[in-house]
Amino acid sequence: MIELPELVAGGLAAGTLTALALGGSLLRSRRQKATLRAEVTELRARLEGTEGAFITEVEHLATRRMPAAAAQLAHPHLRVPGPAGQHTPGTPTGIALEYVLTALREELTAQRTRIDAAAQAGLRGATREIQAALYRLQDALRGLQQRYDDPELAQTLFALDHENEQSLRRAQVAAVVCGAWVGLAREESHVVDAVTGGQARLSGYHRVRVNNHLEPGTALVSHAVEPVAIIVAELLDNALRHSAPDTDVVVNLEHVHHGVCVTVDDAGLGMTQDERARAQRLVAGSDPILLTDLGDPPRMGLAAVGRLTRQFDLNVDVSSPSPYGGVRAVLRVDSHLLGRIDPGERPPSASAPRSTRERAVRREPVREAAGRATPVREGAVPEAPVREGPMPETPAPGIMPAGFPAVAGPAPDRAGPTAEHERTPAPGREDPGDLAGLPQRRRRTPAAAPDVPQPQPAARRPEEAAAALAALQYGTAAARAPKRASAPEPQRTDDEGGAAG
């Protein structure tokens, strides 16, 4: 039988153990609470730091990155700043922010395109009305030029017509940049006429020197005449504007393997590498053209060239410097846009420079080989044999200095070859072969090939008659007023390809 003291001792021992266990549990729970409290505090601080960093990134995105991304659409050379935090790129937050920038660029591009299309449509409609009014004014001026013969009035009308031509060119360029048609449909024309037509649309046309090295009769198909004239005018305008007024702009027309090249060289300031790259992008026509990308005020010349090169399958290159220190622009017209016109039936305009190849053919002496006939070029007129020794050079019929209209008239008749190679005596004169039976020297001409057509005098067209009258009036006015500053020379006729800009 257990006694009472032992029971009391056992109870006290059990209570002590229980108290100790409860105390240990309490201590552990307090320690856990302290640990949890510390973790919560750390997490709260981390959350506050992440929230602050996110707010900073959003503020940086709104104040710096988004404006830079919007400006980069108009100025590609600008750089968009990166995230504010060093560890943000590649994180979910950084990826989300980049997605915001991408969506912003796409939306801004779509809105810019839509707004620019509306602006181009409005400008296209306005320029169409302006072009129609300028065409009516041009027709009225030409009617006055043909109606009145007063030299001073003719010079005033020519000056007004030229100013109207320049205004028409600017309106036409603006319309082309806005996606309009070139405005004119021309018939097949000589390449040199299209080039001089573009030259005639400029105020500094007298500074342009055109060297024509093409085969006579090289022509453009009808739908390529006006685009080539516009492109040449814009390339020449760019060269004239960026070169000194006492320098010349040299234009060379040459045959190449794939067609014809028109090379424009100026002695201006040239362009930097970035400017040349931008100009090449514009004339290539591969990128869409927006009015907001052309500056204020917009410079539309090269943009119009790019539109036309893409629409009419032409090629323009401005990536090379000129040997004169400026810029070289090369327009290449491929063979499928070229044709041929008989220069005898439809000669180039009177003010167009003659081909160097044509001059070489006209000046080449024709000699008789001993015992055989001299070969004659196809389409050339047989000429008399050349005497030995110096003789005065007589210009061939129809060859006039460039820039002066030729007065058309009947060509002098050549004596055709006879059996005895004699000339027919003129009326009222005695046959030299009958003078006292003395032997006389007779002029001998080589027999013409049977398939060579004999030249026929070309009938004068109204445009040639108008050009001849203008040249006569200009000379009369200059002779009557030698002390007065001469007025601008009549620079074109309807055949030059630039009459209607």
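The values are calculated or read from the model by the stated rules, or taken from the named source; none is laboratory data. Since the structure is predicted, the reported quantities are computational estimates derived from the model, not experimental observations. Here Cβ is always computed from backbone atoms with ideal geometry, including for glycine, and neighbour counts include all displayed protein chains. Surface areas here come from the heavy atoms of the whole protein model, side chains and all, with no ligands, DNA or RNA. Shrake-Rupley method; radii C 1.70, N 1.55, O 1.52, S 1.80 Å.
Could you report segment 232-285's accessible area per residue, 1.4 Å probe, as an integer in Å²?
Accessible area per residue: 48 Å².
With a ≥ b ≥ c the root eigenvalues of the C-alpha gyration tensor of segment 257-342, is it rounded (a/c under 1.5), prolate (a/b larger than b/c) or oblate? The partial results should precede the final answer.
Values: a/c = 2.40, a/b = 1.28, b/c = 1.87.
In terms of gyration-tensor shape, oblate.
What share of the DSSP beta bridges in segment 143-263 is antiparallel, in percent to the nearest 5?
60
Under a 1.4 Å probe, what is the accessible area of segment 78-213 per residue, stated in Å²?
Per-residue value: 51 Å².
5 Å is the cut-off here: which amide hydrogens, built 1.01 Å from N in the peptide plane, fall below it relative to residue 338, excluding neighbours closer than 5 in sequence?
For residue 338, the qualifying residues are 221.
Please work out the ratio of the alpha-carbon Rg of segment 34-152 to 2.2 N^0.38 Å and round it to two decimals.
2.25
Among 154-161, 180-187, how do they line up by average Cβ neighbours within 10 Å per residue, starting with the highest?
154-161, 180-187
State log₁₀ I(q)/I(0) for segment 166-249 at q = 0.12 Å⁻¹ as given by the Debye formula over alpha-carbon point scatterers of equal weight, solvent excluded.
Each listed q maps to, in turn, -0.37.
Can you tell me the accessible area per residue over segment 1-41, all protein chains present, probe 1.4 angstrom, in square angstrom?
Here the per-residue accessible area is 90 Å².
At 1.4 Å probe size, with the rest of the protein present, what percent of the exposed accessible area of segment 199-258 is carbon and sulfur atoms?
49
With θ set to phi - 60°, apply the Karplus curve 6.51 cos²θ - 1.76 cosθ + 1.60 along segment 203-212 and write out the HN-Hα couplings as whole Hz, x wherever there is a Gly or Pro.
6, x, 4, 5, 8, 9, 10, 9, 10, 9
Given points 7 Å out from each Cα along the Cα-Cβ axis, report the residue 147 to residue 7 separation in nanometres with one decimal.
Computed distance between label sites residue 147 and residue 7 equals 14.8 nm.
Ordered by packing density, taken as the mean number of other Cβ atoms within 10 Å over each peptide's residues, highest first, how do 104-111, 45-52 rank?
104-111, 45-52
Between residue 244 and residue 296, what FRET efficiency comes out of the Förster formula 1/(1 + (r/R0)^6) with R0 = 25 Å and r the beta carbon distance, rounded to 0.05?
Given R0 = 25 Å and the Cβ-Cβ separation, E is 0.40.
Quick one: pull the percent of accessible area on segment 55-169 belonging to carbon and sulfur, 1.4 Å probe, ligands and nucleic acids left out.
61
Compute the FRET efficiency between residue 273 and residue 187 as 1/(1 + (r/R0)^6), taking r as their Cβ-Cβ distance and R0 = 45 Å, and round to the nearest 0.05.
For R0 = 45 Å, the calculated efficiency reads 0.60.
If we sort 348-354, 302-308 on the protection proxy, mean other Cβ atoms within 10 Å, highest first, what's the order?
302-308, 348-354
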